[in-house]
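For reference, the structure is listed below as structure tokens.
What follows is calculated from the coordinates using simple rules that are stated; it is not laboratory data. Just so you know, these numbers come straight off a predicted model, no measurement behind them. Here Cβ is always computed from backbone atoms with ideal geometry, including for glycine, and neighbour counts include all displayed protein chains.
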Amino acid sequence: MWRRCDTRRFPVAKPQGRALFHFVLSSAAGKWALNCKGNFRMNPFAKSRLAPAVAAALGLALLAPAAEARPGRASAPRDGVVAFPAGADLQPGTIVIRARERSLYYVVDAGRAIRYPIAVPRNGAEWSGHARINGKFTNPDWSPPAVVRRANPSLPDVIPGGAPNNPMGVAALTLDRDEIAIHGTTRKMRASIGTAASFGCIRMYNEDVADLYSRVSVGTPVVMMR
């Protein structure tokens, strides 16, 4: 199913399934790469199947063994349900990220939330404010954004989903901001949870992002607090 992100020019695939950043789309009309501002270019790395791709601005701990968890087989969140006075402006189903706490909260009701430990953006890459989930992707492919490639020019153009060195882990929830996602980790990157390490994204343990993936939908509001 197709919709239009720019009614003047381009079709966009409905965001479901596998993905990589600088979105990769495949159709009978050809293969295109889409950056998060909605601009297309021909993409020589796009696969023949439909692969709406999402980019993540994240850290560089890329070479590690594969992680185990998969969406749909989520284990319990690490911190569980905690007291959380959400207030009138935070409805159940909202994601609240508190960067200083290195915690992500999924609001259950007016007084409770599920808390997950996370890694947050490093100094200079911080952001705050409101966003929404605009895509859900399992075992996404990954294409390094420019900011990551500048820091590590030896990275390949595309790392396939499920590869041991794919920093997206088992799932990615993309936000309606430039190259920002909530995503999993490689085994090596697990050590970064609880720190400020990424280029803008929110990292979670694979088992936790799998659990969160099962609870949210496209359109879920996200609030980032520093």
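Quick look at the numbers
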read-out: FRET E, pair SER214, ASP89, Förster distance 25 Å, beta-carbon r, rounded to 0.05; value: 0.50
read-out: TRP127 versus GLU101: modelled label distance in nm, points set 7 Å from Cα along the beta carbon direction; value: 2.2 nm
read-out: Ascending count of other beta-carbon atoms within 10 Å, so fewest first, for THR138, THR174, THR185; value: THR138, THR185, THR174
read-out: Per-residue Cβ neighbour rank within 10 angstrom, fewest leading, MET225, MET204, MET189, MET168; value: MET225, MET189, MET204, MET168
read-out: Packing-based exposure ordering (other Cβ within 10 Å, fewest first) of PHE84, PHE137; value: PHE84, PHE137
read-out: Inter-site label distance for ARG150 and LYS188 at 7 Å from Cα along Cβ, in nm; value: 2.3 nm
